[in-house]
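Below you'll find the structure, written out as structure tokens, and then a few comments.
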Amino acid sequence: MSLVRRIARPLLASVFFTSGLDQLRHPGPKAPVAHEAAPKVARLPAVGEVDAETLVRVNGGVQLGAGSLLALGRVPRVSALALAASMVPTTLSAHAFWKLDDPAIRHQQQTHFVKNLSILGGLVIAAMDTEGRPGLGWRTRHGAEHARKAARRTRREAQLAARAKQATAAKATRTAKHKLSR
């Protein structure tokens, strides 16, 4: 891992680590904001009845766990994706500046909204970072090309073997004819 990644990943993860820990310890103050999202989550087939505090704790657990993994450089792409997935509903619920009338509060929430969009951009970059190794798309294309070349090589070898067999059979026939003609 490069020095830049060793520094940048913990910096990016720090906000999630502290926020996740806070959400696990003190879900109450954040529950009113999550109360709006709880019915939408409850509609998902795998999720039953869910209260707002539980939703805050689950989000906090995802942020703490994925933030820790990202900071340590363990499964960083998956961790960044998990954090990005948790950021979207959190940002839309907690910083819905378009619903506010007070200009000062609206401006403050708009600033937080844009800040979260910036963090989300960093997470997308981290999720796509292959650390200099080829990505899945390249590996798929490269593997398919390798398979095509191997198939062509196998066909060519089969053709050469068939020609060699024909040549051997023709030589054996000539030799037999030559022995019979004596």
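Can you tell me which of L55, L92, L69 is assigned to a helix (DSSP H, G or I), assigned by TED's automatic domain parsing to the domain that holds L12, at pLDDT 95 or above and of a type outside the set (S, T, Y)? Explain how you work it out, then say what you get.
Values: L55 fails: at pLDDT 95 or above; L92 fails: at pLDDT 95 or above.
Only one candidate passes the filter, namely L69.
Determine whether the stretch 43-51 contains at least one residue that is assigned by TED's automatic domain parsing to the domain that holds A8, surrounded by 15 or more Cβ atoms within 10 Å (Cβ to Cβ) and modelled with pLDDT under 85. It would help to see each step written out before you state the result.
Of the stretch 43-51, the ones assigned by TED's automatic domain parsing to the domain that holds A8 are 43-51.
From the residues that got through so far, the ones that are surrounded by 15 or more Cβ atoms within 10 Å (Cβ to Cβ) too are 50.
Retained after the next criterion (residues that are modelled with pLDDT under 85): 50.
Yes, the stretch 43-51 contains at least one residue that is assigned by TED's automatic domain parsing to the domain that holds A8, surrounded by 15 or more Cβ atoms within 10 Å (Cβ to Cβ) and modelled with pLDDT under 85.
With respect to the numbered conditions (1) of a type outside the set (K, R); (2) under 30 Å from L3 (Cα atoms); (3) free of Cβ contacts under 8 Å to residues at least 40 places away in the same chain; (4) part of a helix (DSSP H, G or I), which one is the sole condition not fulfilled by T168?
Status for T168: all satisfied but (2).
Using the structure shown, decide if R133 is under 41 Å from the mean Cα position of the chain (by Cα), modelled with pLDDT under 85 and either of a type in the set (D, E, K, R) or in the same structural domain as V88 (by TED's automatic domain parsing) (or both). If you could, list the steps in order and put the result at the bottom.
Details: under 41 Å from the mean Cα position of the chain (by Cα): yes; modelled with pLDDT under 85: yes; either of a type in the set (D, E, K, R) or in the same structural domain as V88 (by TED's automatic domain parsing) (or both): yes.
Spelling it out, R133 is indeed under 41 Å from the mean Cα position of the chain (by Cα), modelled with pLDDT under 85 and either of a type in the set (D, E, K, R) or in the same structural domain as V88 (by TED's automatic domain parsing) (or both).
Please state which one of I125, I119 is surrounded by 11 or more Cβ atoms within 10 Å (Cβ to Cβ), free of Cβ contacts under 8 Å to residues at least 60 places away in the same chain and within 19 Å of F16 (Cα to Cα).
Numbers: I119 fails: free of Cβ contacts under 8 Å to residues at least 60 places away in the same chain.
Result of the check over I125, I119: I125.
Select, from R156, R163, R141, R174, the only residue that is closer than 30 Å to A84 by Cβ and out of contact with any His (no Cβ under 8 Å at 6 or more places or on another chain). Steps first, answer last, please.
Details: R156 fails: closer than 30 Å to A84 by Cβ; R163 fails: closer than 30 Å to A84 by Cβ; R174 fails: closer than 30 Å to A84 by Cβ.
Testing whether each residue is closer than 30 Å to A84 by Cβ and out of contact with any His (no Cβ under 8 Å at 6 or more places or on another chain) leaves just R141.
Return yes or no: is V124 closer than 22 Å to P76 by Cβ, hydrophobic (A, V, I, L, M, F, W, C), assigned by TED's automatic domain parsing to the domain that holds L55 and under 15 Å from the mean Cα position of the chain (by Cα)?
Against the criterion (closer than 22 Å to P76 by Cβ, hydrophobic (A, V, I, L, M, F, W, C), assigned by TED's automatic domain parsing to the domain that holds L55 and under 15 Å from the mean Cα position of the chain (by Cα)), V124 qualifies.
The values are calculated or read from the model by the stated rules, or taken from the named source; none is laboratory data. Since this is a predicted model, take the numbers as computed values, not measurements. Cβ: placed from backbone, ideal geometry, glycine included. Neighbour counts: every protein chain shown.
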